[in-house]
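*Asks:* Have a look at this one before I ask anything.
The values are calculated or read from the model by the stated rules, or taken from the named source; none is laboratory data. As the structure is a prediction and not an experimental result, all values here were calculated from the model. Every residue, glycine as well, gets a Cβ built from its backbone with ideal geometry; the counts of neighbours run over all protein chains shown. These area figures cover heavy atoms from the full protein model, side chains too; ligands, DNA and RNA do not enter into them. Shrake-Rupley method; radii C 1.70, N 1.55, O 1.52, S 1.80 Å.
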Amino acid sequence: MSAPLDRRRFLLAAAALAVGAPEAAAMPARDWAVPAPRRAGGAGPRALRDLARRVRGPVLRHDRGVYNLRYAGVRPDAVVHPLDGHDVQAVLRWADRHDVRLAARSGGHSYAGYSTLDEGVVVDLRRLHGISVHRGASRASIGAGAHAIEVVDALGRHGGAVPLGSCPTVGIGGLALGGGYGLAARAWGLTADEVVAITVVTPDGKRRHVDAHHHADLFRALRGAGGGNFGIATRFELRVHHAPRAAFFRGSLPGAADAIAAWQAWAPETDPRLTALLQLGSDGAVNVLGQYLGSEAELSRLLAPLRRAGASLTTGTSAYGPLQVRWANGRTSARTRFSAKSHYVPHALPAHTRERLVAELARSRCSLLFDAYGGAATAIHHRDARYSIQYLTYDGDTAGLRRLHAIVAPHANGAYVNYVDPHLRGWRRAYYGRDLARLEAVRERYDPDRRFRFPRSI
């Protein structure tokens, strides 16, 4: 079996995002006015000296950078590395005293670079990475700064797992707050679906344990609003699944337009223990891969519709943890430069749309990634999504991204906030749908001064 492809690296190459195409008709083409922030944002030398006195963790004047190199030139006033929740409380109280804007960071993988900022202070949670597995391995408590590969390793020692994305260095905090799609999604749901409690420090400096019975409005909002809203989550408690082994497949399909038709008819409807992805490149390559939480023999039977569509496939079985490393293409992920857009698609794309999409893709320097929903995988704010499409370029073709996005837009009803797009029009409805008013009410209750704000914040 050839080396697996990273969810981003299978594509081409990267550069700057451009203005997004209009969303589906149900979404406004223009956002309504955002209330003017009431906080100045910057931190001067005197304020930073005061910060250093208030926290035990280091306060640095340089930034280690973010995953997307498009934002490597952003320079915050400082980066503070809290050692624990008490340090995070001290940072929030300091920020209120000095009117300083904050950006929280768990892994630094924000597509739009929102885990850093030019004016204000980054709260880097990397040192909050402890993982403890409860007796019986049915629950795990995970620090917001833990990387996905660390979670895989820690839970794997107990024969357990939680749904995660495939990038090994993504932080659990940002992943869970925005959803968290991966190859166990149709069996177990998104990462956010398995979160049963969150420890969060709100802008008033209070550390709150939130769950379905305590601050339930904030708990529900945090699971899907995306990182950077409402406060700083420091710890997550998640349900753990027993997952010693899994079967997998990968291969190719002929004819991109026909491949989309075959995949979209099958992948969202097949056994929910099977999650399948479709990858299309501008060079005409059509790759398919997936993971099944069952036997290889059962998986082979489930793959019959793809084989009838002409797919050439290989299958195998692996211990669960090593398989996640294979999907991630290793245990580390080098920083890279890319641009991206996304859609949720509630119904199968018609033939003429598939043909236009494939023709445009061939003229671009972009690639497409189709992620199957259905089963336990339901988009947080768009429960009727059959699948999502991620449009990516590692080669700077932002015009191609816009054209591809525009072709699918009339058939889409939203976008995935963890693929946050700084130029998406109608983004409030695209990301949050009918939940927008509820999320805005939570914002007004817990962060009325908009301490946590960025261009795509609630």
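*Asks:* Of all accessible surface on the chain at a 1.4 Å probe, what whole percent is carbon and sulfur?
*Replies:* The value for the chain is 50 percent carbon and sulfur by accessible area.
*Asks:* Further question on the same structure: With no solvent and one point per C-alpha, what does the Debye sum give as log10 I(q)/I(0) for the chain at q = 0.07, 0.13 Å⁻¹?
*Replies:* With one equal scatterer per Cα and no solvent, log10 I(q)/I(0) is -0.33, -1.17.
*Asks:* Quick one: helix 351-363 against the long Cα principal axis of the chain, what's the angle to the nearest 10°, folded into 0 to 90?
*Replies:* Orientation of helix 351-363: about 70 degrees from the principal axis.
*Asks:* Kindly write out, for the stretch 142-148 in residue order, the coupling ³J(HN,Hα) from the Karplus curve 6.51 cos²θ - 1.76 cosθ + 1.60 (θ = phi - 60°), rounded to whole Hz, with x marking Gly and Pro.
*Replies:* 3J(HN,Hα) across the stretch 142-148, in whole Hz: 10, x, 4, x, 5, 7, 4.
*Asks:* Could you work out the mean projected area of the convex hull around the alpha carbons of the stretch 169-269, in square nanometres to one decimal?
*Replies:* Dividing the Cα hull surface by four gives the mean projection, 9.0 nm².
*Asks:* Compute the accessible area per residue over the stretch 345-431, keeping the other protein chains in place, probe 1.4 Å, unit Å².
*Replies:* Heavy-atom accessible area per residue stands at 31 Å².
*Asks:* Around ARG438, with a cut-off of 14 angstrom between Cβ atoms, what is the net charge of the other residues, counting Lys and Arg +1 and Asp and Glu -1?
*Replies:* Here the count lands on +3.
*Asks:* Something else about it: Can you tell me how much longer the chain between ALA319 and ALA334 gets when fully stretched, taken as 0.36 nm per residue apart minus their C-alpha distance, in nm with one decimal?
*Replies:* 2.9 nm
*Asks:* Once the Cβ-Cβ distance between LEU436 and LEU60 is put in as r, and R0 is 25 Å, what FRET efficiency do you end up with, to the nearest 0.05?
*Replies:* Calculated transfer efficiency: 0.10.
*Asks:* Using modelled amide H (1.01 Å from N, peptide plane; none on Pro or chain starts), what sits under 5 Å from the amide H of ARG245, excluding residues fewer than 5 places away?
*Replies:* Under 5 Å from the amide H of ARG245 lie the amide H atoms of TYR320, each far enough along the sequence or on another chain.
*Asks:* What's the ranking of 436-447, 165-176, 192-203 by average number of surrounding C-beta atoms within 10 Å, highest first?
*Replies:* The packing order, highest mean first, is 165-176, 192-203, 436-447.
*Asks:* Next up: What is the helix-to-structure angle for 85-98, meaning the angle in degrees between its Cα long axis and the longest Cα principal axis of the chain, kept from 0 to 90 and rounded to the nearest 10?
*Replies:* Approximately 60 degrees, to the nearest 10.
*Asks:* If we sort 273-282, 132-141 on the protection proxy, mean other Cβ atoms within 10 Å, highest first, what's the order?
*Replies:* Averaged packing, sorted descending, gives the order 273-282, 132-141.
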